[in-house]
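K.L.:
One structure coming up, written as structure tokens, with questions to follow.
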Amino acid sequence: MTDDIALMSASQLVPLYREGKLSPVEAVKACLVRIEKHNAALVAFNLVDAEHALAEARKSEERWRLGAPRGRIDGVPTAIKDILLTKDWPTLRGSHTIDPNQAWHEDAPSVARLREHGAVFIGKTTTPEYGWKGVTDSPLTGITRNPWNPAKTPGGSSGGSAVAVACGMSALSLGTDGGGSIRIPAGFTGIYGLKPTFGRVPAYPASPFGTVAHVGPMTRTVTDAAMMMSVIAEPDVRDWYALPPADGGKAADYVAALERGVKGKRIAFSPTLGGHRVDPEIAKLVSDAVKVFAELGAHVEEADPQLPPCGAVFQAHWFTGAANLVNSLSPEQQAMLDPGLREVAAAGAKYSLFDYFAAVKQREAIGLAMNRFHENYELLLTPALPLPAFDAGLEWPAGEGDERWTDWTPFSYPFNLTRQPAASVPCGFTSAGLPAGLQIVGPLFQDGRVLRASRAYEAARPFKMPAM
């Protein structure tokens with residue numbers, strides 16, 4: 001029964017709380033049992049505060065008893081990526097360069113909104129140092145592993161959050177995505193992850209990687225992601241990049257229209273997004289998933305947005321962000337860093353100001369190309385990743401000729417450049433039992449459309465979690 005509770009979605013838990021059939025204390029205890037059982041091997045959390053979580057769960061239990069829940073997700077066990085500020089807990093960002101012994105008196109906007117709506121925080125989840133790469137290992141916490149096969153990576157940089165959700169260590173988790181960091185681990189671990197439109201979810205402090213970085217939900221169901229979006233997209237004055245509130249000063253209700261489906265929608269499918277190599281098994285799983293949208297009544301056709309080259313443009317943004325970050329650290333702190341982060345920063349330091357502004361103009365051209373593409377297509381489908389999860393502890397798969405994590409993530413980072421909403425939806429398993437992900441990309445500001453399409457696919461092909 002404990003395992004059953006641990007794997008319940010937020011949308012299942014909340015009605016049971018309301019009806020008095022289940023207590024938030026039971027839900028939190030079930031997650032803590034899972035953490036005790038699996039975290040040592042998988043390293044999803046770098047901080048677990050069971051005492052705090054149980055105390056908050058008891059407060060939630062009392063609110064539900066009185067019929068006065070605090071918000072949409074009161075009592076739901078939730079994990080926070082250790083990139084995001086969390087009051088009273090250190091935010092160490094996978095790094096020895098941050099002193100944990102200081103005042104931690106502030107929540108990031110998304111964390112604050114979850115707290116205001118009664119979420120019960122379990123702990124902080126692992127990340128590569130400062131979230132710099134697409135896998136999850138760091139000098140601070142070591143290697144985070146994939147629950148489907150612990151020899152494999154869960155991806156990154158929100159790998160700890162993905163593992164926590166996949167294993168029932170939390171019902172909800174916050175992730176960040178600067179080049180795929182929500183969608184990569186969602187794809188590798190078989191959960192749902194949404195990178196919202198840039199600015200839709202307020203962020204503070206601003207990412208060292210600039211305007212490619214987003215904050216979003218990581219969940220076991222699409223409905224749970226919509227519930228989270230209805231909370232974390234509420235406004236916060238600390239983010240001056242933030243978009244105006246969608247609905248009367250508050251976040252839109254992303255759950256309300258979730259079941260509208262995709263019938264009649266014009267949907268494009270780009271199997272290679274301009275000719276990128278895709279593992280044959282992944283290609284087949286994604287192609288089969290695309291057929292489901294046609295079965296659901298959408299008008300699906302193969303079409304490619306023919307984007308200008310994106311790899312060098314993204315690196316100009318990402319690597320210079322890394323250079324600026326590392327430059328802000330003392331020589332003693334720099335010596336503590338992940339060697340790969342130092343290498344990327346050194347590469348970023350070689351860009352001139354003219355190089356950077358040229359990349360900004362190229363980014364604008366990529367965004368314009370996608371805006372024009374969406375004049376004809378309401379959604380774009382692609383693989384979330386071109387390959388299944390590879391060996392843990394590596395930045396890139398052995399023997400593939402890659403040189404950095406950006407070499408094997410060509411389907412994710414273009415949509416950080418364009419600021420569009422994009423999600424990874426689980427779409428089956430390889431012959432080795434590893435998950436594959438379908439990416440659903442929407443036009444700017446159409447986060448609800450991406451969620452509705454994701455939900456339509458989920459209803460037709462329900463997601464599966466690892467047997468643990």
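The values are calculated or read from the model by the stated rules, or taken from the named source; none is laboratory data. Note that the structure is predicted; figures quoted are calculated from it, not measured. Note: ideal-geometry Cβ built from the backbone for every residue, glycine included; neighbour counts use all protein chains shown.
K.L.:
Those residues that are more than 18 Å from residue 202 (Cβ to Cβ) and surrounded by fewer than 23 Cβ atoms within 10 Å (Cβ to Cβ), I need them from segment 75-88; list them, please.
P.N.:
88
K.L.:
Follow-up question, since we're still on this one. List every residue pair whose Cβ atoms sit under 6 Å apart, with the two residues 6 or more apart in sequence or on different chains, where the first one lies in segment 334-360 and is under 15 Å from residue 137 (Cβ atoms) and assigned to a helix (DSSP H, G or I) and the second, anywhere, is at pLDDT 95 or above and among the acidic types (Asp, Glu).
P.N.:
From segment 334-360, the pairs are 340/395; 341/129.
K.L.:
Can you pull out every residue in segment 117-166 that is under 22 Å from residue 342 (Cα atoms) and of a type in the set (A, V, I, L, M, F, W, C)?
P.N.:
132, 135, 140, 143
K.L.:
Restricting to segment 430-449, name every residue that is of a type in the set (A, V, I, L, M, F, W, C) and closer than 23 Å to residue 278 by Cα.
P.N.:
Those that are of a type in the set (A, V, I, L, M, F, W, C) and closer than 23 Å to residue 278 by Cα: 432, 434, 436, 438, 440, 441.
K.L.:
Now for a different question. Could you list, in sequence order, the residues of segment 290-307 that are surrounded by 14 or more Cβ atoms within 10 Å (Cβ to Cβ) and under 25 Å from residue 364 (Cα atoms)?
P.N.:
Selection gives 303, 304, 305, 307.
Residue by residue, here is whether (1) at pLDDT below 95; (2) within 16 Å of residue 418 (Cβ to Cβ); (3) in contact with a Lys or Arg (Cβ under 9 Å, 6 or more places away or on another chain) holds:
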residue	(1), (2), (3)
261	no, no, yes
269	no, no, no
273	no, yes, no
282	no, no, no
306	no, yes, no
313	no, yes, yes
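K.L.:
Next question. Just to be sure I understand the filter: pairs with C-beta atoms under 6 Å, separated by 6 or more residues or on different chains, first member in segment 290-317 and more than 22 Å from residue 455 (Cβ to Cβ), second member basic (Lys, Arg). Which pairs pass?
P.N.:
Listed by first residue and then by second, the contacts come to 313/363.
K.L.:
Sort out which residues of segment 103-118 are out of contact with any helix residue (DSSP H, G or I) (no Cβ under 8 Å at 6 or more places or on another chain), over 22 Å from residue 43 (Cβ atoms) and either aliphatic (A, V, I, L, M) or modelled with pLDDT under 95 (or both), and write them in order of number.
P.N.:
If the condition is that a residue be out of contact with any helix residue (DSSP H, G or I) (no Cβ under 8 Å at 6 or more places or on another chain), over 22 Å from residue 43 (Cβ atoms) and either aliphatic (A, V, I, L, M) or modelled with pLDDT under 95 (or both), then 103, 108, 112 are the ones that fit.
K.L.:
Just checking, how many residues over segment 61-91 are in a loop (DSSP other than H, G, I, E, B), touching a Pro at 6+ places or on another chain (Cβ under 6 Å) and more than 20 Å from residue 232 (Cβ to Cβ)? Walk me through how you get there before you give the answer.
P.N.:
Step one: list which residues in segment 61-91 are in a loop (DSSP other than H, G, I, E, B), which gives 66-76, 82-85, 87-88, 90-91.
Still in the running and touching a Pro at 6+ places or on another chain (Cβ under 6 Å): 75, 90.
Within this subset, residues satisfying the condition of being more than 20 Å from residue 232 (Cβ to Cβ) are 90.
Total meeting the criteria: 1.
K.L.:
Have a look at 393, 367 and point out the one that is touching a strand residue (DSSP E or B) at 6+ places or on another chain (Cβ under 9 Å), at pLDDT 95 or above and surrounded by fewer than 21 Cβ atoms within 10 Å (Cβ to Cβ).
P.N.:
393
K.L.:
From the list 410, 414, 421, 435, exactly one residue is within 19 Å of residue 291 (Cβ to Cβ) and modelled with pLDDT of 95 or more. Which is it?
P.N.:
Details: 410 fails: within 19 Å of residue 291 (Cβ to Cβ); 414 fails: within 19 Å of residue 291 (Cβ to Cβ); 421 fails: within 19 Å of residue 291 (Cβ to Cβ).
The match here is 435.
K.L.:
I'd like to know if segment 224-236 contains one or more residues that are within 30 Å of residue 468 (Cβ to Cβ) and in a strand (DSSP E or B).
P.N.:
No, segment 224-236 has no match at all.
K.L.:
Could you look through segment 115-147, keep only residues that are closer than 16 Å to residue 218 by Cβ and over 16 Å from the mean Cα position of the chain (by Cα), and pick out the one that is surrounded by the fewest Cβ atoms within 10 Å (Cβ to Cβ)?
P.N.:
121
K.L.:
From the set of residues in segment 252-289 that are part of a loop (DSSP other than H, G, I, E, B) and without any contact (Cβ under 8 Å) to a residue 24 or more places away in the chain, which is surrounded by the most Cβ atoms within 10 Å (Cβ to Cβ)? Break it down into steps so the answer makes sense when it comes.
P.N.:
Within segment 252-289, the subset part of a loop (DSSP other than H, G, I, E, B) is 252-265, 270-279.
Next, only the ones that are without any contact (Cβ under 8 Å) to a residue 24 or more places away in the chain stay: 253, 256, 275.
Values: 253: 16, 256: 12, 275: 9.
Selected residue: 253.
So that you can scan it fast, the table gives a plain yes or no per residue for (1) among the β-branched types (Val, Ile, Thr); (2) without any contact (Cβ under 8 Å) to a residue 60 or more places away in the chain; (3) more than 20 Å from residue 188 (Cβ to Cβ); (4) part of a loop (DSSP other than H, G, I, E, B):
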| position | (1), (2), (3), (4) |
| --- | --- |
| 397 | no, yes, no, yes |
| 410 | no, no, no, yes |
| 420 | no, no, yes, yes |
| 432 | no, no, no, yes |
| 443 | no, no, yes, yes |
| 453 | no, no, yes, no |
| 456 | no, no, yes, no |
| 467 | no, yes, no, yes |
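K.L.:
Within segment 152-199, track down each residue that is part of a loop (DSSP other than H, G, I, E, B) and closer than 17 Å to residue 128 by Cα.
P.N.:
Listed by number, the residues that qualify are 153, 154, 155, 156, 157, 158, 178, 179, 180, 181, 182.
K.L.:
So which residues in segment 370-381 are within 25 Å of the chain's Cα centre (by Cα) and either surrounded by fewer than 18 Cβ atoms within 10 Å (Cβ to Cβ) or basic (Lys, Arg) (or both), if there are any at all?
P.N.:
The answer is 371, and nothing else.
K.L.:
Also, I was wondering about something else. Mind checking which pairs have a first residue in segment 209-220 that is under 10 Å from residue 179 (Cα atoms) and a second that is modelled with pLDDT under 95 and surrounded by 24 or more Cβ atoms within 10 Å (Cβ to Cβ), Cβ under 8 Å, 6 or more apart or different chains?
P.N.:
If the second residue must be modelled with pLDDT under 95 and surrounded by 24 or more Cβ atoms within 10 Å (Cβ to Cβ), no pairs are left.
K.L.:
Is it the case that residue 112 is in a helix (DSSP H, G or I), surrounded by fewer than 23 Cβ atoms within 10 Å (Cβ to Cβ), out of contact with any Cys (no Cβ under 7 Å at 6 or more places or on another chain) and in contact (Cβ under 8 Å) with a residue 60 or more places away in the chain?
P.N.:
Taking the combined requirement at face value, the residue satisfies it.
K.L.:
If we keep just the residues of segment 1-52 that are of a type in the set (Asp, Glu) and part of a helix (DSSP H, G or I), which is modelled with the lowest pLDDT? It would help to see each step written out before you state the result.
P.N.:
From segment 1-52, those of a type in the set (Asp, Glu) are 3-4, 19, 26, 36, 49, 51; that's our starting set.
Then keep just the ones that are part of a helix (DSSP H, G or I); that gives 3-4, 19, 26, 36, 51.
On the way: 3: 70, 4: 91, 19: 98, 26: 98, 36: 98, 51: 98.
So the residue we want is 3.
K.L.:
Would you tally the residues in segment 36-48 being surrounded by fewer than 24 Cβ atoms within 10 Å (Cβ to Cβ) and of a type outside the set (S, T, N, Q)?
P.N.:
7
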